[in-house]
1. Is it the case, given these coordinates, that LEU501 is touching a residue at least 40 places away in the same chain (Cβ under 8 Å), surrounded by 14 or more Cβ atoms within 10 Å (Cβ to Cβ) and touching a His at 6+ places or on another chain (Cβ under 9 Å)?
2. Against the definition (in contact (Cβ under 8 Å) with a residue 12 or more places away in the chain and more than 30 Å from ALA390 (Cα to Cα)), how does GLU609 come out, yes or no?
3. Within the set of pairs 6 or more residues apart or between chains, which connect a residue that is more than 14 Å from GLN528 (Cβ to Cβ) inside region 544-557 to a residue that is in a strand (DSSP E or B) and modelled with pLDDT of 70 or more with Cβ atoms less than 8 Å apart?
4. Do you know which of the residues in region 701-731 that are in a helix (DSSP H, G or I) and among the basic types (Lys, Arg) is surrounded by the most Cβ atoms within 10 Å (Cβ to Cβ)?
5. Mind listing just one residue for me: the one in region 118-151 that is part of a strand (DSSP E or B) and among the aliphatic types (A, V, I, L, M) and, of those, nearest to SER202 (Cα to Cα)?
6. What residue, of ASN94, ASN133, ASN107, ASN145, is of a type outside the set (Val, Ile, Thr) and within 46 Å of the chain's Cα centre (by Cα)?
7. Out of the residues in region 660-669 that are in a helix (DSSP H, G or I) and surrounded by 13 or more Cβ atoms within 10 Å (Cβ to Cβ), which is modelled with the highest pLDDT?
8. Have a look at TYR672, TYR623, TYR647 and point out the one that is surrounded by 18 or more Cβ atoms within 10 Å (Cβ to Cβ) and not assigned by TED's automatic domain parsing to the domain that holds THR56.
Amino acid sequence: MQVIKNKLFQKILMYFLSLLIPIIIIGLTSYLNEDQIVKNDVSQKLAANLKFSSRTVDIYLEMAQSTNNNLFLSDIVQQHLKPYSQLTDAEKVNLPLIVRAIVQNRNTISSFIDHIFLYIDTDRVYSSEGLFNFNTFFDQFYSLNDYNKDYWKQRLGSSSFFELLRPTKVEQFYGSHGQMVIPSVSTQYVNGKLATMVTSLSVPAISSSLNNNSLYPSTSYFIMDSKRKVILNSGKWDEESLGHVSGLFPGAQNIQLAKLNNTEVLIVHAPSGSFGWDYYSVTPVSAFSGESSGILNVVFWICLSLVIIGILFSFLFSVNLYNPIKNIKDVLIREEKEIEVHNELRSGDEFKMIRSRIHQLVEQNRNAALTLNQYSSELLDQFFTNLIKAHPWVQQEIPTRILGKLGFDGSYYSCCCFMFDYKNRFFHELSEGDRLLIQEKMKNVLWGLMQRHVSCYVLELDPNLYVCIMNLKQEEERQQLNQALDNIKSTFEYDMIYCELKIGLGKIYSKIGDIAKSYSDAITAIVQGTGHSDVTIADAADFVIEQTYFYSFLDENKIANGFKTGNMETLRTEVEGLVQFNMNRGVSYVYLGALLAELMNTGIRYIHERQIPLHTLLTEDQYAILASRNMSPGEFRERIERLLKFYERIVAETTVKSEPKAGAVITLITGYIENHYAENIYLEHIADEIGLSPKYVSRLFKETTGTSITDYISLVRMAKAKELLAETDLKISEVSERIGILSRTTFLRIFKKYEGISPMDYRTSIARKQNEAK
């Protein structure tokens, strides 16, 4: 009871209980506004569903448009389509090729196409069913009620790229009644004559596509064209009602609640960005109003349970938290003897006193940690690495102050590099533990030997490569430096049965920024130096070192010509010849790295001229490696091979390949996707299967069908997923695996993107439709 009466305990308890306020507010808000929440949620789902459905229809319309255009431009039509009266007997033999081309194009988007026919005169009509007499075709075989044969004769009078006509009923096969279709007409010049191609879009197929994706069985759809004329009306609404509905959406708002034929309905509008159509879905409010009552009960009991559990846990946490705080307060009071603490205690605010004292301790600890970490080994290694690689130092502490704290108070600087090359005996005769211990302690051994004679800092720049940055007060201290190197040579003399040691000594400079030059001198001296003993010392002062590379305009032209001819042997010879020429001239190691970077830039300029994106040939990491001027001797040959690999990819990408006909390629692609959708297929894999480059396959498919390969794969997979969800009891993860998507999370995201609802919601809506149908 004493604990409960304590003000500190009461304050802690109130803090915990205050966390329940958002739960209560959210619960009450949800309870009072659940009906509106359900309507908003359903509205969003219906809007997403209609947007996806309308986009599906638009995709097929775009594919019909692309099909018409591609068929006009195909070699077969361009070569063989002529007025029938002008054809010779030899040319008439090739007319079935036109029929075959029409059949092939119809197969690309067969689900929405009722018929495709083509004519260039009033004598013959080419269709997917064969070659017909003009009058017979329009009178008996394919009679469009609102468009007689005289209308189709007039179409040959003027050209039009792509036009969607008003829906009409078609009668086929000698008087048998057909279905409603939307003719799409293109009239273009072929061999100097106007030819007309007509693709009839099936209105029932469009209606079926919309209804199959609907969330509620009572949802109906209608479509209006840009002239506010009704194209499709699946709900059998009268013209006056539909005109009223279209007037409800004057601005950007696409969702409205309205009364239609004395029925309260939720209307969703989705405009088409391609053909000027407007899609509308009409769902009775009664179809989803029953969902809110169950949700209200769930919200109420969840909130009530959370409040009760929250009160219990708040009390338990307050008790458990108060005792440690009380103990901390007692410890701080005993530890602190300053008058300010007693004044804070007299104020009665225990939290304020504890917070003040802990803040003091944290500040003291943080200051100590910052002082320690600021000059830690890792930070110093990074500092000197930046110096030798000429990278800017971005920390607040200026370089001269850091060097001063290390005892670097001289006026001259130089670098010395130690490169160990371990022999086979080192790996065969010594145990792994001994080898690791030797390599771990090598830095400290070198540092200890060097700092006896000169002020220095040693870091391990790369495996088995150590760099010693030295500070000299006078240039005459070179004698002491020679003593240090002789000491190292004698120390490792008996260990040379296990390794070779190459020592490179850079020139002496008077500026901190020239440490990078001294390091480059030391590395270059190691590479250019020769010696037959196991310990060799190469002094950069004994060599002529060029601080630039030699790469002329003529050399760049030779590289460009190698790309054009696609001859990798020529490119390899030119690159290695340039490298060897610069090495013979004594070019420093840093500028050899700059030469390789410039050779990479030559390749980049070449592919930019051919509008090939760099990221298709080089990753960011590969580019960063090739663009760097700094490298160790062990990386030099690897860097050249990386450059040549890049050149190989350029040659492979820019080599001209023969391109097959578009229609055949599209048929191969769509057929492969439909047969292998359950596998892990992607653009590169498909391109490899049909023997074409990924870039060409992607561009051709997009230009021909109006959609990307990735979207088409997803469309096929989602269609198969809907079949499995509707016809089987498979788990969601099993359905995902069946269609080739191994990640359940990825499947849920893609399904929601294309269908507007989750797979479980779709299965529930299908089950609801089936139950209502029974």
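The values are calculated or read from the model by the stated rules, or taken from the named source; none is laboratory data. None of the values given here were measured: they were computed from a predicted structure. No Cβ is skipped: glycine too gets one built from the backbone with ideal geometry, and neighbour counts run over all protein chains shown.
1. Working: touching a residue at least 40 places away in the same chain (Cβ under 8 Å): yes; surrounded by 14 or more Cβ atoms within 10 Å (Cβ to Cβ): yes; touching a His at 6+ places or on another chain (Cβ under 9 Å): no.
Answer is no for this residue.
2. Working: in contact (Cβ under 8 Å) with a residue 12 or more places away in the chain: no; more than 30 Å from ALA390 (Cα to Cα): yes.
It is false that GLU609 is in contact (Cβ under 8 Å) with a residue 12 or more places away in the chain and more than 30 Å from ALA390 (Cα to Cα).
3. Short answer, once both residue conditions are applied: THR548/VAL587; TYR549/VAL587; PHE550/VAL587.
4. First, pick out the residues of region 701-731 that are in a helix (DSSP H, G or I): 701-705, 709-727.
Narrowing the set further to residues that are among the basic types (Lys, Arg) leaves 702, 717, 720, 722.
Working: LYS702: 15, ARG717: 23, LYS720: 17, LYS722: 21.
Of everything passing the filter in region 701-731, ARG717 is surrounded by the most Cβ atoms within 10 Å (Cβ to Cβ).
5. Applying the filter and picking the extreme gives LEU144.
6. On the way: ASN94 fails: within 46 Å of the chain's Cα centre (by Cα); ASN133 fails: within 46 Å of the chain's Cα centre (by Cα); ASN145 fails: within 46 Å of the chain's Cα centre (by Cα).
Every option except ASN107 fails the conditions.
7. Narrowing region 660-669 to residues in a helix (DSSP H, G or I): 662-669.
Applying the additional criterion that residues be surrounded by 13 or more Cβ atoms within 10 Å (Cβ to Cβ) yields 662-663, 665-669.
Working: ALA662: 67, GLY663: 65, VAL665: 79, ILE666: 81, THR667: 79, LEU668: 82, ILE669: 86.
The qualifying residue modelled with the highest pLDDT is ILE669.
8. On the way: TYR672 fails: surrounded by 18 or more Cβ atoms within 10 Å (Cβ to Cβ); TYR623 fails: surrounded by 18 or more Cβ atoms within 10 Å (Cβ to Cβ).
Within the list TYR672, TYR623, TYR647, the selection yields TYR647.
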